[in-house]
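Heads up: the structure comes next, in structure tokens.
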Amino acid sequence: MPPSASAMDFFQLFVPDNVLKNMVVQTNMYAKKFQERFGSDGAWAEVTLTEMKAFLGYMISTSISHCESVLSIWSGGFYSNRSLALVMSQARFEKILKYFHVVAFRSSQTTHGLYKVQPFLDSLQNGFDAAFRPSQTQVLHEPLIDEDPVFIATCTERELRKRKKRKFSLWVRQCSSTGFIIQIYVHLKEGGGPDGLDALKNKPQLHSMVARSLCRNAAGKNYIIFTGPSITSLSLFEELEKQEIYCCGLLSSRKSDCTGLPPSMLSNPATPPARGQHRIKMKGNMSLICWYNKGHFRFLTNAYSPVQQGVIIKRKSVEIPCPLAVEAFAAHLSYICRYDDKYSKYFISHKPNKTWQQVFWFAISIAINNAYILYKMSDAYHVKRYSRAQFGERLVRELLGLEEASPAH
């Protein structure tokens, strides 16, 4: 990207104009069909590309101001913003919100529950693949997308009960050296059939299925994937190894599928060993490591040699020896925790009732975080160093047409 690239230029690597134009077409089609069925709406005029960008800009602004409702921009209260409010009237915004669609109608072949947002997720995935080459080490996990803690702390019990639980789970494959989210996988909790979340609830098969789906574009690249206890299993790691994908995962006798692992390594000895002591069992390239540090930690890996000593982990200047796999796992997971702390607070606050819309706004939030990560790696960052909040503010202003989306000044 050139040094003059704007926030909008980075965002449009993932959400280009042709995707936005499609949203315009689909929204207008849905509005027409809706009015044919339920009576005409005199206040509705077909939405334009400029208005669609402004509509997205208003929604994205909630990720920076953390206001509960996007309508507070026009309210005159604490979260109101006069310069943003003048671009579009509240009535017009609410009309676009009422009819907004990414896919207006189900095609006859569609059985997927997310058909209204799947084409957008696919195009987003293509953008991620085209714009970024990840590092060798990556992490599979569920990012922090829970309710805004400020809202939870301030709302009443009745309001909390009224809020429905999410009907989907969102998993990602994430580059552990930059935090860039390489791939998104959305799983509907109400899916029927043997693959539905109801049939697989809290079971390792669901997590293995998620892992396979997230790694489908990773074969043959010698990636090292770090996994949490719910995904770690011997059969999954062996299957991925055949595709030249190597793994390092934390193991838990309660959460993990421990099939095929030696029981002697899964039970704790009567007297705890000294801190830093470890035991190893191997089978081919696969090692099961049991390491003690104020508790027993078990790791399954085919990515690191179990005899290689890690760089010593420091805890308040105490040095504890450990195998390299343990040290690598701790380092990569702590990075992801830092990413969650830094970026999860920039998720769009708008909480629609429809599941496809919830997925859509989460996906847009991830796209903006990814755009910021690319911006930080580019020459444009050295011209003007924006924080994540400043980057978001510039993107909102550029979408609303309040600033030129060309050279950054």
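The values are calculated or read from the model by the stated rules, or taken from the named source; none is laboratory data. What you are looking at is a predicted structure, and each value in this text was computed from that prediction instead of being measured. Side chains included, ligands, DNA and RNA excluded: accessible areas come from the protein's heavy atoms. Shrake-Rupley method; radii C 1.70, N 1.55, O 1.52, S 1.80 Å.
Could you work out how much longer the chain between V19 and V307 gets when fully extended? Use 0.36 nm per residue separation minus the Cα distance between them, nm to one decimal.
Taking 0.36 nm per residue and subtracting the Cα distance, the gain is 98.6 nm.
Using a 10 angstrom cutoff on alpha carbons, build the Gaussian network for the chain and name the most mobile of G179, G57, G220.
It is G220.
Relative contact order for the chain: what is it in percent, counting Cα pairs under 8 Å that are at least 6 residues apart?
Answer for the chain is 23 percent.
When only alpha-carbon atoms are used, what values of Rg and Dmax, in angstrom, describe segment 283-409?
Looking at segment 283-409, its Cα Rg and Dmax stand at 21.4, 62 Å.
What is the percent carbon and sulfur in the accessible area of the chain, measuring with a 1.4 Å probe over the protein chains and ignoring ligands?
Result for the chain: 53 percent of the exposed heavy-atom area is carbon or sulfur.
Between K167 and K281, what is 0.36 nm times their sequence separation minus the Cα-Cα distance? Round to one decimal in nm.
On the way: separation 114, 0.36 × 114 = 41.04 nm, distance 4.06 nm.
Difference between extended and current length: 37.0 nm.
Whose amide H sits under 5 Å from the amide H of L402, counting only residues 5 or more places off or on another chain, with H placed in the peptide plane?
Residues meeting the criterion, in which the H sits 1.01 Å from N, do not exist here.
So what J values fall out for segment 329-338 if you push phi through Karplus, 6.51 cos²θ - 1.76 cosθ + 1.60 with θ = phi - 60°, rounded to Hz, Gly and Pro as x?
4, 4, 5, 6, 6, 5, 5, 5, 4, 5
Taking all pairs of distinct Cα atoms, average 1/r, flip it, and tell me the Kirkwood hydrodynamic radius of the chain in Å to one decimal place.
Final number for the Kirkwood radius of the chain is 23.6 Å.
Rolling a 1.4 Å sphere over the protein heavy atoms, what is the accessible area per residue of the chain, to the nearest Å²?
Value returned for the chain: 49 Å² of accessible area per residue.
What pairs from K98/K376; K342/K384; K189/K342; K53/K342 go past 31 Å between their alpha carbons?
K98/K376
Given the Cα-Cα distance of Q243 and A331 and 0.36 nm per residue of separation, how much length would full extension add, in nm? It would help to have the intermediate numbers written out before the result.
Numbers: separation 88, 0.36 × 88 = 31.68 nm, distance 2.51 nm.
Going from the current span to full extension adds 29.2 nm.
For segment 92-102, in order, what is each residue's ³J(HN,Hα) by Karplus, 6.51 cos²θ - 1.76 cosθ + 1.60 with θ = phi - 60°, in whole Hz (x at glycine and Pro)?
5, 4, 5, 5, 5, 4, 5, 9, 4, 8, 9
Using Cα pairs under 8 angstrom and six or more residues apart, how large is the relative contact order of segment 258-299, in percent?
So the answer I get is 32 percent.
How large are Rg and Dmax for segment 1-77 when calculated on the C-alpha trace, in angstrom?
15.9, 51
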